[in-house]
Structure formats: structure tokens, C-alpha cells
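**Q** A single structure is presented below for examination.
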Amino acid sequence: MSKITDARRHTVHMIGNSHIDPVWRWRWQEGYATVHSTFKAIVERLRETDDFIFVRGGAQGHAWIEEADPALFREIRRFVRQGRWIIVNGWWEQPDCNMPSGESFARHALYGQRYFKEKFGVIATVGYNVDSFGHNAGLPQLLLQSGMKYYVFMRPGPGEIERELPAEVFWWEGADGSLVLTARIPLNYAFEGDVEGFRDHIRKCRDAVPARLGHSMAFYGVGNHGGGPTKRAIAAIRQLDADPNEPRVIFSHPQRFFEAIRTKSAALPLVKGEFQYHSAGCFTSQSEIKRLNRRAEYALIAAEKYATMAHALTGQPVRRGEFERGWRRVLFNQHHDTLPGTSLMEAYEDARAELHEAIAIAEREQNAAIHAVARDVDTTGDGPPVLVFNPHATTVRAPIEVQFNFMPRGQLVDADGRPVPFQFIRATTLLKDGRIVFEAEVPPLGYQCYTFDWQTPRPEIAGATADGNVLENRHWRLEIDPKTGDIARLYDRDARREVFRGAANQAIVVEDKFDTWGHAMRGFDATLGAFDKAKVSVLERGPVRATLRVERRYGRSTLRQDVSLCHEARQIDVRCFVDWHEQFESLKLAFPVDVTEPRATFEQAYAVVQRPGDGHETVMQRWVDVTGFDEAAGEALGLAILNNGKYGCDVRGATIRITALRGCPYCWHHPHQPEKGERYYFMDQGPQEFVLSLLPHTGGWQAAGVPLAAAVLNEPLVYEFQYPKAGRRPKRAEGLRVEPPGVALAALKLAEDSDALIARLYEATGKATKATLSFGGWRFTRSLRAGEVQTLKIDLKRRKVQRTNLIESQELSIAAGRKWGRK
């Protein structure tokens, strides 16, 4: 066989694209204009040629064009129909792929794929996140369940990935066993050059894949701030394709490449788990926007649950358009330079406003929903009733704070008239208002009405105690070091053991001279000092809760922590208020767990992963856990730390360190270095607030109910004021119940195209199980694999249940796909 023939046996698929960051070193308004100018240029290239193909992903940019230039949008639709404008990435935007919740990824698919189907008549089959900084282990399942069986990414690249890939094309197996045929871009998504430059680029891309595949991809086109393939690039590709000594080069798209290698893919290697770490500093940079993202996500999730239950119970309309508008705001701001904190300072003014808009939408819809139920509830009693609602599909007992515009009196009673201990806590006004805390117990997706019996005095009941620097209840004795403010001791009375090996809750300040991304960063290892000079005081004590306030200083910064213990609780809450004024320094909170053979487990987006305790800066979602062996007790023991808006942490051995904030400049990208004498804008300066909850446990984190506890922290009980009145609804009622508690009702919404309910279940403990759902006397069961996400379409009128997918479309044969093609 001749040399020329050998060269032409390999086909390089030329992927014309233009990566556009809608926000980065510019605000979204500039990104809007860049999308418009780039799309106009691409349409010109398409008009000029018969074979050039352009690849574009993400619904947001297309929606901008629909709004800004309807005539251009119509031309794009024409080229989509011709198969020359190829839609990839059926998500709303190209997001960060570590920090959005699992449900956020589901909504990227729901709103993105449905937009493409409605506007262009297509469903994307290729997941496409070429600039995102890492990729979590839950993605394969989420991709498959939204119609995307192929995946393309670029970062982390060779040399920065935690474990080197066996090949640039492989099968990716997610945490639940789902498989996606995946390719990593070998060089870059953006390339522009002359013929000789393209010749070298094409050869390198050819050599990056096994020769037996006979196909490879080469990406080209001006990117980052738009532009796309140029006339010169298109001419160079044509010239090289005419050269018999070069591989065959064709204008193509990723799906065509994957389909070309499909018959040879069985021998490709299998890669399991996640892909990390391109830039570990992103897990903490710009902590305010991360906290708002978390709050907006779960505010929308909870509000949709309440709205759906109100619709099922009362016929109250669900305003789908409002929820979609709120979700679109969240999804856009999960862009891979916004949520990671790597954009310029002004961009965060826009992100802050949009996330607050999403939160406001959720709060309005939630109020309308719970009021629709509350208006018919029997709230008779002596004093003002308080209805407490639960967004979870299992019974929840948790403390709730309620503030009145008067001073309550008498005894608080539940729906059965049984007394419920409560205590007065400090009101947030200077008037004579009453604020109380009590532990409410509320049935699944239901409510309970609490009222005051004015005739019966509030009984004196012993609860958790706070005395000096010690907190105690029947489970714990917690001691604060009066000099440092650290937790000097946490003694488990039940297991008769010390939870910590040395001081815990140490507020450690570390040197942070890494850029905003944290490029090439392994971890924060250089300790500069710690918060100390502590002042410890008793803030609360009573029948419900005891709290110690710990105040300490470092440099120009202050840290106040309210450490709380409820009467019967096994969970210790640490509410943190930081006023930070340090630069090139960051704050970590350290908790050394007293176990041997520790295993570190981290929550991801609808997934759980274990990682080595090597001190590497890494990412979590709502919780991180270290479980090991206690030699004295002869059993497994551990500690989970829950949070309501933090993502960065590290685990070294058995010590968990939560990264609270970073004091680094905005949008600083190496190799640039700060210049002496120049003034820069620094992130995380000033006050912020967050909560860490400590959940020590005997046995594994699964039995301790860690996922549910983290869910309750992020989706707390809420209350609704009413006036005493008779009503047709009982004082306590449940809605939808899901058992066992290890199966989360991750979402409950109204279907996009009908009056059916959409219930999304997630098996959160890593064990296959049967889930039972109950509503209004109707019960049915579903089998779930370990870690499976399952979406159900429930017709309440006909009592019919149907499996569906993330985009609620029966067109997708791969709706329940798993190991669909590696034969």
C-alpha cells in the first residue's frame, strides 16, 4: 500500500467553532454584543460556502439572537435545517461542572434541550463543555438522561489532571455506572493560522488518538471573545484536504466523529469517576456569588415543591413561566467564569442582581403556594397560630425561629394540643417584639399548625445547657478554649469517645499568592497564623437551645461564631460571621477527627465520590465526611460537616479543613503578577455569613442520615402566619411521602406539557433500593440502582406513573439509558 494511500486513510474532522465567554473580563452586555457580531460573521461564512460547518452550543446565546435580531435568527434556523449549523451542548449555558447542584444540571438540560427542540426542531446529542475547569462524576447519568450520549471537554489537560487519561477518546463511567463516549480536545478549542500552521495542528490532532480509530477531531476558530472560523482558515483546510500527503480533512461536527468510531469503540479504555483539577482556587473565589447561587438553587427547588403540592391539593395554578425565568437567571450565572469567581468585579454586580431576582421569584411563588394551603387550615386557638411547612418528602424535626410583633404568652401547643417547649431569643428589633425558637416536627411535604394556649403558663423544662465555656446535652459535652476560641473538646457521651484529636474549629490563616483560578495549585500549605484573643460568652440557654458566642481576631479581621446545641440534637451548628480585611491571605476552619484509616467522602451533583486524604484543595457540595476506625470502640466512627454555601475544602489524613474565603485580587490570571505599589480590587473583603453543621456519627455517613441533614440545612422549614379561624383542612397533614429516607425527593414540579406531576428521585446513599411513594392513600414503588436519578411523571387523576427523562420527552429512547453501547 502506498504512503499516499496510508495518509488518506485517516480522517480529521475539522470542528469549526467560536468559544464565547458571555461574561469574563467583560460584563454580559458586551458578551451579548459579541454573540451577535460572531453569529453574523458565521452566517456570512455559511452563505459563502456549500460545505463549511459550524458548531455551537448553549441555548442562552441563541435566545439573545432571537431577541436582538429576528432576521439573523431565521437564517440560523435555515442553516440548522441544512445540517450546517450544528447544535451541541443542549444546556442553557456552558456552566462550571463542579459547583451547580444536580438539579441545576437537570434544569440546564430541561430548558436548553426544550428550547432547541421548540426553535430548531433538534435535540443535542453531544455534551460540550470545552472550557469548564473540571467535570464531576454525576455528569454521565445527567447527560444520558437528557439525550446526550457523547461528551467533549478540554480541561483539565495533560499535566494538570489528577490522573492521566489512558487515551484522548474513551468511555466515561459515572458514579452510578452510566457510560458516555467521551473525547478530550487534544490541543485547544481555538486555533487560527496559515496553511503551515494548520498542517502542524492537524497532524498533532491526528497523532493524539489511536491510529486504529482512523478518525480524530481538530478544533479551530477564533474564540474566548468571539470571532469563529475565518476565510483564511476555511481556505487552508481546503488546500490541505487536496494534498495527497496529508490526512483527509473534512468540515464536520462531533456527532459525526463519534458515529464514525462507534463500531471501533468497544476496545476503547474505560475511565471512572471525575476529572480534576484545572484550577482549584475556583472552589472558593468570590464566596458571595457562591452563597447566592446555593440559596437561589434551593429556594427555587423548595418553592416548586410547595407550588406543586398546592396545585395538587387546591388547584392553585403553577406559574411555570416564573419558575423558568428564575431558573434561567441561576443557570446563566453558573457560567464557568461567573460561578467560579474568575470574572471582573463589575460582572458580579450583575450576577448579584440576577441571583437576587431568582430568589425573589422563588419567595413570591412559595408564599402564594403555602398561603393557598394555609387559608383553609383550621387554626383555632387562643393565640396567634404559626403554620410550619416542610419541603422534604420525609418527616423533619428541626429548630425554627419565629418573630412576632408582640410578646407571645402562655404555652405553645402542636396540632394535637400537646405542649411544645419554646424559648425566647433576642429579637431583631429594638421594640418590644417577641422572637422564639422551638423544634417543629412536620410531616412529609406537609405542615403542622402550632398555636398558643394563653391560659396555661409555659412550663419550666430543662434543655441543653451553656455555662462559661461549656455546652452540654445528653449526647455531647463541648468545651471552648477560652484563649484561642477553638473547640478544645467534643465528647460523645453515647459512644464514650472524643470526636477530635486536638483542637477543632481552628480558624487558620494561610498564605494565598495563587491567582484567582488557583492555577497549578495543589493546596494551601503555608500557615501564617490563626484567629485568637478569644472572648467566649453565653448567648442563649433554655429548654430548646444553648449557644455560646465566640469572638476572636486576626490582623484587621474579626470572626464571630455562635456555636449551638439543641436539647435532643446530635448535630452541632456553627453560625459564622466573618469581617475580612486581609489580602493575599485566606481562611480555613480545621477539624481533626480522631479516627484511624480515614476515608474522605464528598457530595457532588447527584453523586458521591471518595478521594484520598492528601491535602489537595478540592470541591464538595453540601457536605464532606471523614469516616474511619476507632480502635478503643472497635467500630467505624466519623464526622460529616454540612454547609449552606461553601465549596472549597481539603482533607489531610483525618483532618477536614473548610476553605471559608480567599483574599485574592479579582480576575488575576498567571503568568501576570501583581506589581508593587499598585492598588488592586480584592475579593471577599468585608462581612459575610455562613453555617457549618457538625454531625459526628457511629458507623457510616449513610446510617447517620447525612444527605437528609444537609438537605434540611439548605432547604429549611418555613412558616406562614395566619389568624385564628375554622377551616376544612386539619391542623396537621402530609403531602407526598418517599421512603426510605435515603431516597431524596430532589425535585417536584408540574410537567411542562401537561397537568401531571414530575417527581425526581435520587438514591443518595449508594445502595440499590426500592422506593415507596405515598400520596392521598395511593402508594406505589419504584426500584432504584445505587446512585440513580429517576424522573417520574405522575398522573394523579388516573393514578398512573410513567418513567420519563430530564427533558420530559418520550422521544428519547435513551431516557433510562445506562451501559448503552460499549459492547
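**Q** Please find, within the range 180-197, the residue that is surrounded by the fewest Cβ atoms within 10 Å (Cβ to Cβ) out of those that are of a type in the set (A, V, I, L, M) and within 20 Å of Val209 (Cα to Cα).
**A** Out of the qualifying residues, it is Leu187.
**Q** Looking at the structure I just gave you, is Ala358 crowded, with 18+ Cβ neighbours inside 10 Å and closer than 30 Å to Tyr681 by Cβ?
**A** Criteria met by Ala358.
**Q** Identify, please: which residue in the range 633-647 is more than 22 Å from the chain's Cα centre (by Cα) and surrounded by 20 or more Cβ atoms within 10 Å (Cβ to Cβ) and is, among those, nearest to Leu292 (Cα to Cα)?
**A** Gly638
**Q** A follow-up question, please. Output the residues belonging to the range 584-632 that are buried (at least 19 other Cβ atoms within 10 Å of the Cβ), closer than 14 Å to Gln702 by Cα and of a type in the set (S, T, N, Q).
**A** Thr601, Thr627
**Q** List pairs: first in the range 50-77 and in the same structural domain as Phe105 (by TED's automatic domain parsing) and within 27 Å of His13 (Cα to Cα), second of a type in the set (Asp, Glu) and at pLDDT 95 or above, Cβ under 6 Å, 6+ apart or cross-chain?
**A** Gly58/Glu93; Gln60/Glu93; Phe73/Glu66
**Q** If you go through the range 424-436, how many residues are more than 16 Å from Pro384 (Cβ to Cβ) and either crowded, with 17+ Cβ neighbours inside 10 Å or at pLDDT 95 or above (or both)?
**A** 1
**Q** Considering only residues that are of a type in the set (A, V, I, L, M, F, W, C) and in contact with a strand residue (DSSP E or B) (Cβ under 7 Å, 6 or more places away or on another chain), which ones fall in the range 185-212?
**A** Ile185, Ala190, Phe191, Ile202, Cys205, Ala208, Val209
**Q** Can you give me the number of residues within the range 696-735 that are among the hydrophobic types (A, V, I, L, M, F, W, C) and over 30 Å from Thr380 (Cα atoms)?
**A** Adding up the residues that qualify gives 9.
**Q** Output the number of the condition that Gly127 fails; it satisfies all remaining conditions of (1) in a loop (DSSP other than H, G, I, E, B); (2) under 25 Å from Asn293 (Cα atoms); (3) touching a helix residue (DSSP H, G or I) at 6+ places or on another chain (Cβ under 7 Å).
**A** (1) is the only condition that Gly127 fails.
**Q** Further question on the same structure: Could you grab me the full set of residues in the range 269-300 that are under 14 Å from Arg163 (Cα atoms) and touching a Ser or Thr at 6+ places or on another chain (Cβ under 8 Å)?
**A** Scanning the range 269-300 gives Val271, Gln276, Tyr277.
**Q** Kindly check whether there is at least one residue in the range 278-297 that is among the β-branched types (Val, Ile, Thr), over 30 Å from Asp579 (Cα atoms), part of a helix (DSSP H, G or I) and in contact with a helix residue (DSSP H, G or I) (Cβ under 7 Å, 6 or more places away or on another chain).
**A** No, because not a single residue in the range 278-297 is among the β-branched types (Val, Ile, Thr), over 30 Å from Asp579 (Cα atoms), part of a helix (DSSP H, G or I) and in contact with a helix residue (DSSP H, G or I) (Cβ under 7 Å, 6 or more places away or on another chain).
**Q** Tell me, please, whether a residue that is buried (at least 23 other Cβ atoms within 10 Å of the Cβ) and touching a Ser or Thr at 6+ places or on another chain (Cβ under 6 Å) can be found in the range 60-67.
**A** No - not one qualifying residue is present in the range 60-67.
**Q** Just to be sure I understand the filter: pairs with C-beta atoms under 6 Å, separated by 6 or more residues or on different chains, first member in the range 633-652 and closer than 12 Å to Gln621 by Cβ, second member of a type outside the set (Lys, Arg) and in a loop (DSSP other than H, G, I, E, B). Which pairs pass?
**A** If the second residue must be of a type outside the set (Lys, Arg) and in a loop (DSSP other than H, G, I, E, B), the pairs left are Tyr647/Met99; Gly648/Thr284; Cys649/Met620.
**Q** Can you pull out the residues in the range 186-197 that are among the hydrophobic types (A, V, I, L, M, F, W, C), part of a loop (DSSP other than H, G, I, E, B) and within 24 Å of Ala41 (Cα to Cα)?
**A** Of everything in the range 186-197, those that are among the hydrophobic types (A, V, I, L, M, F, W, C), part of a loop (DSSP other than H, G, I, E, B) and within 24 Å of Ala41 (Cα to Cα) turn out to be Ala190, Phe191.
**Q** Restricting the range 482-497 to residues that are more than 22 Å from Arg545 (Cβ to Cβ) and modelled with pLDDT of 95 or more, which is farthest from the chain's Cα centre (by Cα)?
**A** Here the residue is Lys483.
**Q** State which residue is farthest from Ala303 (Cα to Cα) when the search covers only the range 767-789 and only residues that are in a strand (DSSP E or B) and of a type in the set (Gly, Ala, Ser).
**A** The residue in question is Ser783.
**Q** Being surrounded by fewer than 20 Cβ atoms within 10 Å (Cβ to Cβ), touching a strand residue (DSSP E or B) at 6+ places or on another chain (Cβ under 7 Å) and either outside any loop (DSSP other than H, G, I, E, B) or in the same structural domain as Ile20 (by TED's automatic domain parsing) (or both), is that true of even one residue in the range 92-105?
**A** No: the range 92-105 contains no residue that is surrounded by fewer than 20 Cβ atoms within 10 Å (Cβ to Cβ), touching a strand residue (DSSP E or B) at 6+ places or on another chain (Cβ under 7 Å) and either outside any loop (DSSP other than H, G, I, E, B) or in the same structural domain as Ile20 (by TED's automatic domain parsing) (or both).
**Q** So how many residues does the range 417-469 have that are of a type outside the set (A, V, I, L, M) and closer than 18 Å to Ile400 by Cβ?
**A** Matching residues across the range 417-469 total 25.
Yes or no, residue by residue, for (1) of a type in the set (Ser, Thr, Tyr); (2) assigned to a strand (DSSP E or B); (3) closer than 30 Å to Phe602 by Cα; (4) modelled with pLDDT of 95 or more:
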{"site": "Thr765", "(1), (2), (3), (4)": "yes, no, yes, yes"}
{"site": "Thr791", "(1), (2), (3), (4)": "yes, yes, yes, yes"}
{"site": "Glu808", "(1), (2), (3), (4)": "no, no, yes, yes"}
{"site": "Lys823", "(1), (2), (3), (4)": "no, no, no, no"}
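**Q** Can you say whether Thr338 is of a type in the set (Ser, Thr, Tyr), within 30 Å of Asp684 (Cα to Cα) and at pLDDT 95 or above, as far as the supplied structure shows?
**A** It is true that Thr338 is of a type in the set (Ser, Thr, Tyr), within 30 Å of Asp684 (Cα to Cα) and at pLDDT 95 or above.
**Q** If you go through the range 686-729, how many residues are assigned to a loop (DSSP other than H, G, I, E, B) and among the polar types (S, T, N, Q)?
**A** 2
Rundown of residues vs (1) modelled with pLDDT under 95; (2) in contact with a strand residue (DSSP E or B) (Cβ under 8 Å, 6 or more places away or on another chain), yes/no style:
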residue: Ile4; (1), (2): yes, no
residue: Met14; (1), (2): no, yes
residue: Pro22; (1), (2): no, yes
residue: Gln82; (1), (2): no, no
residue: Asn89; (1), (2): no, yes
residue: Gly112; (1), (2): no, no
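The values are calculated or read from the model by the stated rules, or taken from the named source; none is laboratory data. Since we're looking at a predicted model, the values are computed, not measured. Cβ coordinates were reconstructed from backbone atoms using ideal geometry, including for glycine residues, and neighbour counts include every protein chain displayed.
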